[in-house]
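Participant: This is the structure I have questions about; it appears just below.
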Amino acid sequence: MTRTNTTGRLRRMELLAVRLKQDTHCTVSELAREFGVSQRTISRDLSLMRDQGMQIDADRGRGGGVRLDRNWGVGRLNLAYAEAVDLLISLAVAEQMNSPMFLANLDSIRRQLVASFSPAKRDRVDRLKSRILVGVTASTYVQAGTSAPPKPVVQALHQAFTDQEMLAIGYQREDGETSRRTIEPHYLLLKYPVWYVVGFDHLRNAPRTFRCDRILAASGTGRHFHLLPKEEFPLSPDGVEMVV
């Protein structure tokens, strides 16, 4: 088992509280396997969480099952910075989509999230939001042929986009031909429900747009790029807007 620092332990306890809040029965041994620590570590975490006032119920009759009282912590939300950024950008995309349902409180949620950031982090979030574009809904033909990208691809693309890092990808064209490329993910374009990478392709030495679900593999290169203005990239004149 690996030892964690104080920050890692606090984060683990936050995730542990979320796990216990679910209605499913879980044991100390199951939690230990899930979080990659010893049962003794989980027991210490639970004891500390009780000392902090969390109402954790234990069922000794069913293998030491534990659960956080469902009424505890209503309204509390502890997010890591990266999670808060993802949520804030998702809210901005939802607003830009102009869906009439479930938007009544998005502005309030966004203000609360923004207020929790330092001025420097607010600037960083604003720069990220300015790099996300929303266009018209994808055609039924495109939607019929799309699928969810593999999770490792999504994670690598997310990291490269956020850090302005060149990305090595395996890409499959519509005709089935595959190639290896190094791209700079300058912008992300959503034509609901299909996401595209708008970037610079070093194989063609020119701007290109890549459909995310056709990216077969992706990995960071450790090399960074300077952001180019949106005007450098030819986008179809179909009402593309920037997330603001």
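The values are calculated or read from the model by the stated rules, or taken from the named source; none is laboratory data. This one's a predicted model, so the numbers in the text were calculated from it and none came from an experiment. Positions of Cβ are generated from backbone atoms using ideal geometry, with glycine treated the same way; all protein chains shown enter the neighbour counts.
Participant: Does Val194 satisfy the criteria of being in contact with a Lys or Arg (Cβ under 7 Å, 6 or more places away or on another chain), of a type in the set (A, V, I, L, M) and farther than 15 Å from Ala156 by Cβ?
Facilitator: Criteria met by Val194.
Participant: Would you confirm, using the coordinates I've provided, whether Glu231 is of a type in the set (D, E, K, R) and surrounded by 15 or more Cβ atoms within 10 Å (Cβ to Cβ)?
Facilitator: no
Participant: Here's a follow-up. Only residues in segment 114-139 that are not assigned by TED's automatic domain parsing to the domain that holds Thr209 count as the first member; pair them with residues that are of a type in the set (S, T, N, Q) and modelled with pLDDT under 90, Cβ under 6 angstrom, at least 6 apart or cross-chain, and list the lot.
Facilitator: Val134/Gln96
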